[in-house]
Amino acid sequence: MAQTVETIIARKGGAVVTVPPAATLGRAAALLAEHNIGALVVSADGDRVDGILSERDIVRRFAADDGVATSSVAVSSAMTADVHSVEPTATVDELMETMTNRRIRHVPVVDGGRLVGIISIGDVVKNRMDELETERASLQQYVTGTSY
């Protein structure tokens, strides 16, 4: 049976750091650093996804402005508005396909229009490593009759 996004969210938790569209890029950069994350969901109300802002978006805006006053620019002017999200019932394989085909590293999880989590490529890799370890342990127990 295929694992779902819901499984990853249950393991890592559904906390999502959001930033309002009117916040400054300086505030967004501070949030990224404070939480040691690579992207923020842009949301006016904390429930609806208005966009996503990654470190790359900030760097691109900084480069476009030659660094002049970029920290005071509104998040809405640098965010990615065309956000690709998944539902909790999506399979991890579907999530990986979305991330690969769209070349994105962070995908919000939305249920009934409400933000319920975010999955990073690191979360996907950790999930896969956990799966492989479980398979290895099961095979070892099957072959040797003991667990490691």
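Values quoted throughout were computed directly from the atomic coordinates according to the rules given, and no laboratory measurement underlies them. Keep in mind it's a predicted model, so treat the numbers as computed, not measured.
Points worth noting:
- Taking the chain and dividing mean pair separation by its residue count, relative contact order in percent (alpha carbons under 8 Å, at least six apart): 26 percent
- The angle between the Cα long axis of helix 25-35 and the main principal axis of the chain comes to about 30°, on a 0 to 90 degree scale.
- Helix 55-64 vs. the chain, principal-axis angle (Cα, 0 to 90°, nearest 10): 30 degrees
- Listed residues Met96, Met129, Met79, most fluctuating in the chain (Gaussian network, C-alpha, under 10 Å): Met129
- Karplus-derived HN-Hα couplings along segment 97-112 (A = 6.51, B = -1.76, C = 1.60, θ = phi - 60°), whole Hz, x at Gly and Pro: 5, 4, 5, 5, 5, 8, 6, 10, 10, 9, 10, x, 9, 10, 10, x
- Between helix 121-144 and the chain there is an angle of about 10 degrees, using the helix long axis and the longest principal axis of the Cα atoms.
- Over the chain, dividing the summed -39,500 (n - 2.57) contributions of all DSSP H runs of at least 4 residues by the number of residues returns a 222 nm mean residue ellipticity of -13500 deg cm²/dmol.
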